[in-house]
Amino acid sequence: MNRGEYLTKLIEDKGFTIMSLSKSSGVPYTTIRSMIERNLTNASIDNVIKICKVLGVKVESLEKQEEIKLEDKEDDWNHKLPDLTSKDERNIQKELQKMIDGLNSNSSFAAFDGQGLEDLDEEDRELLLSSLENSLRIAKKLAKQKYTPKKYRK
């Protein structure tokens, strides 16, 4: 089985069509079709990474079908960021609580899509809160990376 056939099988196994994969990944339909027909020859690494993320597979799984030069491009940039300390975690929780309190108040400037936190259904509330927490974590990691002097970096 070549890489194009393997990619087609992955798409089908994950319940996608090429069109739905195109919409989910942001890679044009014709590009995906061309990647399959050409067995990923000359495929853009960025497009391969986008497709693999949507399919939930590692880029290496496509490599195993045949050797593919993927340059040293990390598909998960979050692993390159510094780890958070327990103090950072406490600060994130405090900041998250401030945001929650702002959304719970009836002030018009602290609303999500015109609704307060109590107006959202349970699923939307959980999604919003987890999104806010993840955003705070990423922001904290990026700040640590940017503002930690080189001599203190690991």
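The values are calculated or read from the model by the stated rules, or taken from the named source; none is laboratory data. Note that the structure is a prediction, hence the values are computed from the model and not measured. With ideal geometry, Cβ positions are generated from the backbone for all residues, glycine too; neighbour counts draw on all protein chains shown.
Only one of Leu96, Leu70 is at pLDDT below 75, of a type outside the set (Ser, Thr, Tyr) and surrounded by 11 or more Cβ atoms within 10 Å (Cβ to Cβ); which? Selected residue: Leu70, the only one of Leu96, Leu70 that is at pLDDT below 75, of a type outside the set (Ser, Thr, Tyr) and surrounded by 11 or more Cβ atoms within 10 Å (Cβ to Cβ).
In summary, Ser44 fulfils each of the numbered conditions (1) at negative phi; (2) exposed (fewer than 15 other Cβ atoms within 10 Å of the Cβ); (3) modelled with pLDDT of 85 or more with the single exception of condition (3).
For the residues Glu133, Glu122, Glu63, Glu89, the requirement of being under 28 Å from Ala43 (Cα atoms), at pLDDT 60 or above and not aromatic (Phe, Trp, Tyr) singles out Glu63. Among the residues of the range 1-42, those that are of a type in the set (A, V, I, L, M, F, W, C) and in contact (Cβ under 8 Å) with a residue 12 or more places away in the chain comprise Met1, Leu7, Leu10, Ile11, Phe16, Ile18, Leu21, Val27, Ile32, Met35, Ile36, Leu40. Among the residues making up the range 10-26, a single one is in a loop (DSSP other than H, G, I, E, B) and closer than 19 Å to Glu60 by Cα: Lys14.
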